[in-house]
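Q: This structure is in structure tokens; I'll ask about it shortly.
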């Protein structure tokens, strides 16, 4: 039971990396603790993924995009950010940026299902379900993975994609910075009277944040962020009152809104690993960087990370190099860590600025929004960076 690469975790990052390995002459093992049913037929979880242009290109390259029903893909044409009830506004418009869309909204469960379908098409990938990894031991010559069934797997490289709370990351001696925002995100689908025109809205109200992600038709995903102590209150809130809160929260721009989906909740915790590699070991996805969702870059960053790792491995194979060597893993880490550091700490800075109700901070927030909105070069740079529609000087590769 020897493999070239063992992937720990069958979430989006682990599955996408397995897809990236499908065309290479390597034997791949993916170990996932959940059932085969849960990863082959994932249920709707209330999360809509805002894919950047670069992420869409990666999914096309992997043969995954073609497996997603295009009728369920919603183009994001414009985005408006409001500061509470003030007139401070930051507006991003695809038309003014000469791109067809700022991004593409796709239900998370559809992406996961498509990734799994693509992995099934690969002859060189094996999946072991309902097993966990108890330990990983690595040397300069190889790695051993101990499974919960008592078996040991040998490999050239181990790649962990086992969530932002990765136990394997800790066992491999890689420290991380964890940021508990003490807030929770509540998502649900809502219908509304007026058309959204594919415009996303985000209101940084005092005490909570309310966002609207436009889906096809007069339907949107509504994301409410509140302090953790208000979770039960919001989940138990009468549907009529919830509808009224959303309708009023978006200043009546959508008319009367009505909840048509279940409410889902997710705690907001950010994680950043101090490094993304160890001897014959690499971190991808949330195991490397777990983002706050405010800039919608978590999935995109994870997809980019696994793509960079796969490119480093592919080059190593072409040049007859050891795929698990420090030389190969350093190349991957150097490229991914530059962008991820900027994204993670920059996003946390945005969260701190826009969720602080201190009077002085509110004033700073208004000035920042006005400055960014009134200077086209600033807006263009932010738009390029967030949408990844083309390379900007913020992206070092």
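Readers should treat all values here as calculations from the given coordinates under stated rules, not as data from a laboratory. Quick caveat: nothing in here was measured; it's all calculated off a predicted structure. No Cβ is skipped: glycine too gets one built from the backbone with ideal geometry, and neighbour counts run over all protein chains shown.
Q: Would you mind listing how long segment 181-267 runs along its three principal axes, going by Cα atoms, in whole Å with the largest first?
A: If we take the Cα atoms of segment 181-267, the spans are 34, 23, 19 Å.
Q: Between 0 and 90 degrees, rounded to the nearest ten: what's the tilt of helix 298-318 against the longest Cα principal axis of the chain?
A: With both axes taken from Cα atoms, the answer is about 30 degrees.
Q: Here's something else I'd like to know. Would you list 268, 105 from fewest to most Cβ contacts within 10 Å?
A: By the 10 Å Cβ count, ascending, the order reads 268, 105.
Q: If one computes P(r) from the Cα atoms of segment 21-90, what percent of pairs lie at distances over 15 Å?
A: Of all Cα-Cα distances in segment 21-90, 75 percent exceed 15 Å.
Q: May I pose another question? Compute the projected area of the convex hull of the Cα atoms of segment 205-315, averaged over all viewing directions, and report it in nm² to one decimal place.
A: Working: hull surface 39.9 nm².
Result: 10.0 nm².
Q: Given the Cα-Cα distance of residue 109 and residue 260 and 0.36 nm per residue of separation, how much length would full extension add, in nm?
A: Working: separation 151, 0.36 × 151 = 54.36 nm, distance 1.75 nm.
So the extension gain works out to 52.6 nm.
Q: Restricting to the chain, compute how many DSSP beta bridges are antiparallel as a %, nearest 5.
A: 70
Q: Ok, one more. Just one of (1) 20.9; (2) 25.2; (3) 22.0 is Kirkwood radius over Cα pairs in Å as worked out from the coordinates here. Which one is it?
A: Answer label, from the structure shown: (3).
Q: Can you tell me the 0 to 90 degree angle between the C-alpha axis of helix 12-21 and the longest principal axis of the chain, rounded to 10?
A: The two axes meet at around 50 degrees.
Q: Next question. Any idea what the relative contact order of segment 178-231 is, in percent, if you count C-alpha pairs under 8 Å spaced at least 6 apart? Intermediate results must be reported in sequence, preceding the final value.
A: Details: 93 pairs, mean separation 22.8, N = 54.
Worked out over segment 178-231, it gives 42 percent.
Q: Which whole-number value in Å³ per residue fits the convex hull of the alpha carbons of segment 290-329?
A: Output value, Cα hull per residue: 60 Å³.
Q: Measure nothing fancy, just the Cα-based angle from helix 359-374's long axis to the longest principal axis of the chain, in degrees from 0 to 90, nearest 10.
A: With rounding to tens, the tilt is 80 degrees.
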